[in-house]
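What follows is a short report on a single structure.
The values are calculated or read from the model by the stated rules, or taken from the named source; none is laboratory data. In this text, all values refer to a predicted model and were calculated from it rather than measured experimentally. We place every Cβ from the backbone using ideal geometry, glycine too, and count neighbours over all the protein chains shown. We work out accessible area using only protein heavy atoms, side chains counted, and drop any ligands, DNA or RNA first. Shrake-Rupley method; radii C 1.70, N 1.55, O 1.52, S 1.80 Å.
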Amino acid sequence: MPIRYTIDHAKRFVSVVAEGPVTLGDVLGYFDRLVIENAMPYPKLFDATNAEPQLSDEDMMVLGARVSAYAIYEPRGPIALVGGSTETKNVLRRFMNLGRAPRAAMMFSRVRDARSWLESLRDDEQK
C-alpha cells in the first residue's frame, strides 16, 4: 500500500506516509478516507520522503478539481508536506498550489520540522 495513514480522532490529527510508486488512484483513495472519516479539519503530516510520484499533468488537473470540490468541507486543516527527492518536492509544490485552499501549508525536508510546525500552529490556536 503506497499511502498509509492514521486518523487519530482523539488528537484530531492525521499522519500519512507515502512510499514507493504513488498514483492518482492512491491519492484519491486517501482523500476519500479523509472525507468519510470527517478528518478534513484535522492537521495533516504527509511524509513523502520515500515516495515516487507517478502523476502526470492530467493527474494533477484531476487533483486540482478534487481539491477545489473539497471547499465545501471548510475549514480544512493545515498540512505539512515532507519530500525527499527533487521530483517529489516539485509534485508537492504543485499540490500546495491546487485549489488555492485557505489553509496553512508548508513543505519541509525533515519530519520533525514538519511536526514542530504543526504543533506551533496548535499552540497558537490555544492562546
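Could you tell me whether residue 18 is assigned to a loop (DSSP other than H, G, I, E, B) and either out of contact with any His (no Cβ under 7 Å at 6 or more places or on another chain) or of a type in the set (A, V, I, L, M) (or both)? No; evaluated as a whole, the condition is false for this residue. Of all the residues in region 54-81, those that are buried (at least 17 other Cβ atoms within 10 Å of the Cβ) and touching a strand residue (DSSP E or B) at 6+ places or on another chain (Cβ under 7 Å) number 5.
Which one of these is part of a strand (DSSP E or B) and among the acidic types (Asp, Glu): 47, 59, 26, 32?
Values: 59 fails: part of a strand (DSSP E or B); 26 fails: part of a strand (DSSP E or B); 32 fails: part of a strand (DSSP E or B).
Of the residues listed, the single one that is part of a strand (DSSP E or B) and among the acidic types (Asp, Glu) is 47.
Considered as a group, the residues in region 1-40 that are out of contact with any strand residue (DSSP E or B) (no Cβ under 9 Å at 6 or more places or on another chain) and among the basic types (Lys, Arg) include one that is most open to solvent (accessible area, probe 1.4 Å), and that residue is 11.
Scanning region 41-50 finds no residues that are touching a Ser or Thr at 6+ places or on another chain (Cβ under 9 Å), more than 16 Å from residue 114 (Cα to Cα) and surrounded by 20 or more Cβ atoms within 10 Å (Cβ to Cβ). Scanning region 86-99 for residues that are without any contact (Cβ under 8 Å) to a residue 24 or more places away in the chain and open to solvent by 50 Å² or more (accessible area, probe 1.4 Å) returns 86, 90, 93, 96, 97. Name the residue, out of 122, 110, 103, that is out of contact with any Phe, Trp or Tyr (no Cβ under 7 Å at 6 or more places or on another chain), modelled with pLDDT of 90 or more and open to solvent by 50 Å² or more (accessible area, probe 1.4 Å). Sole residue among the options that is out of contact with any Phe, Trp or Tyr (no Cβ under 7 Å at 6 or more places or on another chain), modelled with pLDDT of 90 or more and open to solvent by 50 Å² or more (accessible area, probe 1.4 Å): 110.
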